[in-house]
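The values are calculated or read from the model by the stated rules, or taken from the named source; none is laboratory data. Worth saying up front: this structure is predicted, and the values here are computed from it rather than measured. Cβ atoms come from the backbone with ideal geometry, glycine included; neighbour counts cover every protein chain shown.
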Amino acid sequence: MLDFLTYPLANFLLLLYRYLGHNTIAAITALTIIIRMLILPLTLGQQRSAQKMQELQPQIAKLREKYGDNQEKLAQEQMKLWREAGVNPMGGCLPLVIQFPIMIALYRAIIFVIPSTPVELFQFSRHIFIDEWLPSLTGLVPLQNVFLGMDLGQPPSIGQWWTYSVPLLVFVTSWLQQKLLTPSAAKDGQSQTEMMSQQMQIMMPLMFGFISLQFAIGLSIYFIISNLFGIAQFYFIRKDGEQESDEPVRRPRKRPKK
Amino acid sequence: MTLNLEDDILNRVWTQRWLTGLAVLAAVLLTASGCTPGDRAASWTGMAIVGERLYAADLQQARAMEPASGATIWTFPADPEEVDRGLFYATPAVTEGGLVLVASEVTTGGFLGQRESIVWGLDAETGAAQWSFDGARGMYVEGGALGNGVFVIGNGDGNVYALDAESGTLQWTFETGHRVWATPLVVGDVVYVGAMDRNLYALEVHTGRVVWEFSAGGAFGGTPILMDGTLYIGGFDNTFYAIDSETGSEQWRFEGQDWFWGGPAAHNDTVFAVDVEGRVYALDAANGEVRWRRSLVTDQNEPVPVRAGPVFDEESGQLFVSTETGTLYALDPADGSTNWRRTADGRGLSEPVVSESLVYQTLILGTHRIRALQIGDGADAWAFPPAGLEE
């Protein structure tokens, strides 16, 4: 499954490893950044949507004041507001869904180049095609597998307690990224959709943290770098947004003068 | 644009589905992709024939069998359902004191399921456990080697462990830079072991002190052979090496076209090696010149993947190669022509074993895990589990 994606990724990891000083962490980091750049159009849309949601919070608070007793009307007006602003409240899910196959292919690529079992390595030995152009790459497999005393091809283990800091970091960075992407709700109440968004803010990091407990630490490195990229991306977008888009937000506030 | 209540309800339902859907999708995709850390065949099984007994690791159990009939004498653990002993992969070794040394990988259950690797010292007559060693963190892949009362075995945690063969007491460890999956070779007071850190080490068998180390351009996954003071071994840099066993200096090298994983075999002044794409080479032991080469291919002319090294049998004068496709080849060592070949369901990733009139092949992911064939024509002698008892 996903071999069409897995083997090219594994070969590309070899290439990056070769040109990044035979450093596995550097190769995984570079590959993660490249993947994040490739799915940038998707994640940008997700983050801009989240930012718009944030900007709409004052108007949503006003709607609550106005229709506080009428939940149906409140929900209708809220949806109307989002639609007019071009916001999909669950727009954050699509990039996540698209990332799953990439995540799985990357996981398999990592266990091919830093295998913990010989069957995995033997399987990959027949799919190294990049050595057709760069014969020196074939001898690089398996890649250097130890980072800070941790085996990148193995999941965290009780015998090496410090390896559990990795799933913890995955959880924390994932939570932070999710928190930035999830618009904060008004203090005086939440709609069903907002409550779901808040749940997702904790569910997704928990899920990624759990995956990190069970799978190779190399995959967790991908999660951490990917989350840090998402956090950095958020701040860059916010900075741009602050500089460029004050006007569209203020314009509706002038309308009540009618 | 006006919105009605149905829109709102649909929106709520859709939101809930997204949340549960995401979690389910992640689980399904991870499982379907084979990424779950479950009990997939992670390695290959091995066997050894010592005296009148065949000792095999067959995933579920370690077992002693009658080589001629395949009748089981004992198993460890006695009950195949007793899975807490783990999965048995590595080739067994038998000590002078009558112990069978096997290794298993145990996966503990629970939220933080852990893997534990254990070397067992079993009574060769009964299979009862006499001692165990659980000091390694990684996987034992191939077997260990015995010499001077010491059992030396490499582990996936990057260490070479030396245990007292009769008591299991740890004598020394030697740390390499990567995993050690190959079976070491013990000759006299020296143990030679190849590692994934691209080095072949010569260590003192009593202390683990480095005598010399030889660095190559790729990892070493197989066991070297020693002939007339020269070690022969192939690596993952597509290169086959002849190395002086006293000094570790290179005598010659042969550039192949793909990885050499399994250890080589030798006959007279010829060394035989197979790469992972099924190319079989006969090399002059003195200088590495190719005497003949041939490729093992399927009926569709596709290369046949080969993990295990070739095995030469002096009695029958044949070269045996077990392939990933389950085919066992008997080749003529003079020119590489096929004397016979037999295909079975499963993957033959470990070296075949020859004893008297039979050749034995171990298989994973197939109907039988061990099969015995007549050495002359490849006719079936017996198989385990026998037909009808497939598990």
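Numerical summary
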{"read-out": "Close pairs (6 angstrom Cβ cut-off, 6 or more residues apart or separate chains): under 19 Å from B:ARG63 (Cα atoms) in the stretch B:361-386, of a type in the set (Ser, Thr, Tyr) and part of a loop (DSSP other than H, G, I, E, B) anywhere", "value": "B:THR362/B:THR45; B:THR362/B:SER350"}
{"read-out": "Unique match (being under 20 Å from the mean Cα position of the chain (by Cα), at pLDDT 95 or above, closer than 24 Å to B:GLY348 by Cα and among the aliphatic types (A, V, I, L, M)) among B:VAL271, B:VAL280", "value": "B:VAL280"}
{"read-out": "Answer residue from the stretch B:239-249, given it is touching a Phe, Trp or Tyr at 6+ places or on another chain (Cβ under 6 Å) and farther than 21 Å from A:ARG126 by Cα and is surrounded by the most Cβ atoms within 10 Å (Cβ to Cβ) among those", "value": "B:ILE243"}
{"read-out": "Of all residues making up the stretch A:141-155, the number that are within 8 Å of chain B (Cβ to nearest Cβ) and not in a strand (DSSP E or B)", "value": "6"}
{"read-out": "Scope the stretch A:114-132; condition touching a residue at least 24 places away in the same chain (Cβ under 8 Å) and in contact with a Ser or Thr (Cβ under 8 Å, 6 or more places away or on another chain); matching residues", "value": "A:ILE114, A:ILE128"}
{"read-out": "Check on B:THR223, closer than 26 Å to B:PRO303 by Cβ and at pLDDT 95 or above", "value": "yes"}
{"read-out": "Residue match in the stretch B:314-328 (condition: in contact with a helix residue (DSSP H, G or I) (Cβ under 8 Å, 6 or more places away or on another chain) and at pLDDT 95 or above)", "value": "yes"}
{"read-out": "Single match in A:ALA61, A:ALA50, A:ALA27 (criterion: more than 17 Å from A:LEU143 (Cβ to Cβ), surrounded by 14 or more Cβ atoms within 10 Å (Cβ to Cβ) and under 19 Å from the mean Cα position of the chain (by Cα))", "value": "A:ALA50"}
{"read-out": "Evaluation of A:HIS22 against (1) buried (at least 16 other Cβ atoms within 10 Å of the Cβ); (2) touching a residue at least 60 places away in the same chain (Cβ under 8 Å) (one fails), failing number", "value": "(1)"}
{"read-out": "Identity of the residue in the stretch B:54-77, over 17 Å from B:ILE118 (Cα atoms) and crowded, with 19+ Cβ neighbours inside 10 Å, that ends up nearest to the other protein chains (Cβ to nearest Cβ)", "value": "B:TYR55"}
{"read-out": "Members of the stretch A:41-86 that are among the hydrophobic types (A, V, I, L, M, F, W, C), away from chain B (no Cβ under 11 Å) and more than 16 Å from A:LEU180 (Cβ to Cβ)", "value": "A:LEU42, A:LEU56, A:ILE60, A:ALA61, A:LEU63, A:ALA85"}
{"read-out": "Those residues of the stretch B:362-389 which are among the hydrophobic types (A, V, I, L, M, F, W, C), outside any strand (DSSP E or B) and closer than 23 Å to B:GLU277 by Cβ, in sequence order", "value": "B:LEU363, B:LEU365"}
{"read-out": "Matching option when the condition is surrounded by fewer than 19 Cβ atoms within 10 Å (Cβ to Cβ) and at pLDDT 95 or above, among B:THR108, B:THR95, B:THR31", "value": "B:THR95"}
{"read-out": "Flag if A:LEU121 is more than 9 Å from every other protein chain (Cβ to nearest Cβ) and of a type in the set (A, V, I, L, M)", "value": "no"}
{"read-out": "Unmet criterion (only one of (1) in contact (Cβ under 8 Å) with a residue 60 or more places away in the chain; (2) within 14 Å of chain B (Cβ to nearest Cβ); (3) buried (at least 18 other Cβ atoms within 10 Å of the Cβ)) for A:LEU5", "value": "(3)"}
{"read-out": "Number of the exception - B:ARG253 against (1) part of a strand (DSSP E or B); (2) under 21 Å from B:PHE312 (Cβ atoms)", "value": "(2)"}
{"read-out": "Count of residues meeting criterion [at pLDDT below 90 and small (Gly, Ala, Ser)] in the stretch B:367-391", "value": "2"}
